[in-house]
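Read-outs: derived from the displayed coordinates by stated rules, not from any lab. Everything numeric here is computed off the predicted structure, so don't read it as measured data. Positions of Cβ are generated from backbone atoms using ideal geometry, with glycine treated the same way; all protein chains shown enter the neighbour counts.
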Amino acid sequence: MIVIDLESTCCYDNSIIPLEDRETIEIGAVSICPSSGKVMSEFVGFVKPVKNKELTQFCIGFTGITQSDVESAKTFPEIWINDFIPWLEGVKAFSSWGRYDLEQFKRDCERSNLPPYFEKHCDASRLAGKNKRLVMKRLGVIPSGPQHRGLNDARNVANILIKLLASGTQIEFSNVPM
């Protein structure tokens, strides 16, 4: 099972960067074995934005991602084709906290003229409650590090799913409309 969290360009009030213009600036992902609950591998990569090249001060403060992190990174098509898709090893389903990550992948692929990749998605927040921090506390999941970083948030969601699987919760994936 793949768990993904994206961080994207952002601003405080959406006036500079509306939702449809946000670009992924970090991909964090964890591959877990559902039967054992073990982490199999992890992926993390910064992404260079091309439409809104300068990160806002709000974005830097919110994510901890710096301008130099993204300036030296690959663009979305480069990291997607050369690094992330090969890491997925053919898996076309993923889980995330909410639908934002799925919709952001769709926007990034469309903007980059790349075909959609994922066929199935699980909104993990529908399994346990919308407030991730409260769910983590209730399940005894220790935060992996500062929130709003791709890999930390993906680890946290993966650990929630591991606890839910261990308790017998069924993880169901929905088809992604193409």
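Some values worked out for this structure:
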{"read-out": "Residue count for the stretch 148-173, restricted to those that are within 19 Å of the chain's Cα centre (by Cα) and over 19 Å from residue 39 (Cβ atoms)", "value": "3"}
{"read-out": "Residue among 65, 81 that is out of contact with any Ser or Thr (no Cβ under 8 Å at 6 or more places or on another chain) and either buried (at least 16 other Cβ atoms within 10 Å of the Cβ) or under 24 Å from residue 168 (Cα atoms) (or both)", "value": "65"}
{"read-out": "Entirely in the stretch 106-178, the helices (runs of 4 or more DSSP H) that have 1 or more residues that are exposed (fewer than 13 other Cβ atoms within 10 Å of the Cβ)", "value": "132-139, 150-166"}
{"read-out": "Every residue from the stretch 51-98 that is within 14 Å of residue 22 (Cβ to Cβ) and part of a helix (DSSP H, G or I)", "value": "58, 59, 62, 63, 70, 76"}
{"read-out": "Neighbours by Cβ (under 7 Å, 6+ apart or cross-chain): first from the stretch 44-60, closer than 11 Å to residue 11 by Cβ and in contact (Cβ under 8 Å) with a residue 24 or more places away in the chain; second loosely packed, with under 14 Cβ neighbours inside 10 Å and hydroxyl-bearing (Ser, Thr, Tyr)", "value": "58/12"}
{"read-out": "Among the residues listed as 72, 35, the single one being more than 23 Å from residue 147 (Cα to Cα) and of a type in the set (S, T, N, Q)", "value": "35"}
{"read-out": "Filter result (closer than 20 Å to residue 100 by Cβ and without any contact (Cβ under 8 Å) to a residue 60 or more places away in the chain) within the stretch 61-81", "value": "61, 70, 76, 79, 80"}
{"read-out": "Count of residues meeting criterion [among the charged types (D, E, K, R) and over 16 Å from residue 175 (Cα atoms)] in the stretch 98-132", "value": "6"}
